[in-house]
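A.B. asks: The structure is given below, and queries will be raised subsequently.
The values are calculated or read from the model by the stated rules, or taken from the named source; none is laboratory data. What you see is a predicted model, and the numbers here were worked out from it, not measured in a lab. Glycine gets a Cβ as well: all are built from the backbone with ideal geometry, and neighbour counts include every protein chain shown. Heavy atoms of the whole protein, side chains included, go into the accessibility calculation; ligands, DNA and RNA do not. Shrake-Rupley method; radii C 1.70, N 1.55, O 1.52, S 1.80 Å.
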Amino acid sequence: MRDVETVACAIAGKGTLLVAHNSSFGAHGGNNSAVEAATVKALKDLRTRGFTNITDCFVLSPIRRQRKTFHAEMQLLKACAENNRPIQGGVIGVSKPCCGKCAKYLKALGIDFSLYSKSPVGDWISPEIDQVKTTSNPAI
């Protein structure tokens, strides 16, 4: 996973483990298969631990606009908003601290997340959405 800078995940809809990532050094999504394999493995592990409410998984391809890549957190929000999938429990997990802009955006939408840093991070692109549905049910 060295070609991936950040991974964000959430349980969306009725039990889909939704995973978003962004690539380091301007890579163009060539690592999607590695992220998919790791996601399938994580889903199997969750099921063996008794988390049967997670029924499937889906890895988003990185979203790019004008040579910039959306941060993984923003990709996740955009996909959930566009596909009318609520984020279960209103929580997403991130592999690295969210940048200050992502943290501010997530907080404004009422989405909780695992880590954040006040440090600015690279080229940030807004997902240009007003809301993301959430459920009050815990994700797992």
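A.B. asks: With the requirement that a residue be touching a strand residue (DSSP E or B) at 6+ places or on another chain (Cβ under 9 Å), hydrophobic (A, V, I, L, M, F, W, C) and surrounded by fewer than 24 Cβ atoms within 10 Å (Cβ to Cβ), what does the range 71-86 give you?
C.D. replies: Across the range 71-86, the qualifying residue is only ALA79.
A.B. asks: Among VAL35, VAL59, which is out of contact with any Lys or Arg (no Cβ under 8 Å at 6 or more places or on another chain), closer than 15 Å to ASN22 by Cβ, touching a residue at least 40 places away in the same chain (Cβ under 8 Å) and not hydroxyl-bearing (Ser, Thr, Tyr)?
C.D. replies: Values: VAL35 fails: touching a residue at least 40 places away in the same chain (Cβ under 8 Å).
Within the list VAL35, VAL59, the selection yields VAL59.
A.B. asks: For residues that are modelled with pLDDT under 80 and either in a loop (DSSP other than H, G, I, E, B) or over 19 Å from LEU106 (Cβ atoms) (or both), tally how many sit in the range 1-35.
C.D. replies: Of the residues in the range 1-35, 17 are modelled with pLDDT under 80 and either in a loop (DSSP other than H, G, I, E, B) or over 19 Å from LEU106 (Cβ atoms) (or both).
A.B. asks: Starting from the range 77-102, keep only residues that are closer than 12 Å to THR135 by Cα and of a type in the set (D, E, K, R), then list their pairs with residues that are part of a loop (DSSP other than H, G, I, E, B) and open to solvent by 10 Å² or more (accessible area, probe 1.4 Å) whose Cβ atoms are within a distance under 9 Å, requiring at least 6 positions of separation or different chains.
C.D. replies: Pairs that qualify, where the first residue is closer than 12 Å to THR135 by Cα and of a type in the set (D, E, K, R) and the partner is part of a loop (DSSP other than H, G, I, E, B) and open to solvent by 10 Å² or more (accessible area, probe 1.4 Å), are ARG85/GLY13; ARG85/LYS14; ARG85/VAL132; ARG85/LYS133.
A.B. asks: OK, next. Which of the residues belonging to the range 126-140 are modelled with pLDDT of 70 or more and assigned to a loop (DSSP other than H, G, I, E, B)? Can you show your working first?
C.D. replies: Kept after step one, since they are modelled with pLDDT of 70 or more, are these residues of the range 126-140: 126-136.
SER126, PRO127, GLU128, ILE129, ASP130, GLN131, VAL132, LYS133, THR135, SER136 - these are the residues of the range 126-140 that are modelled with pLDDT of 70 or more and assigned to a loop (DSSP other than H, G, I, E, B).
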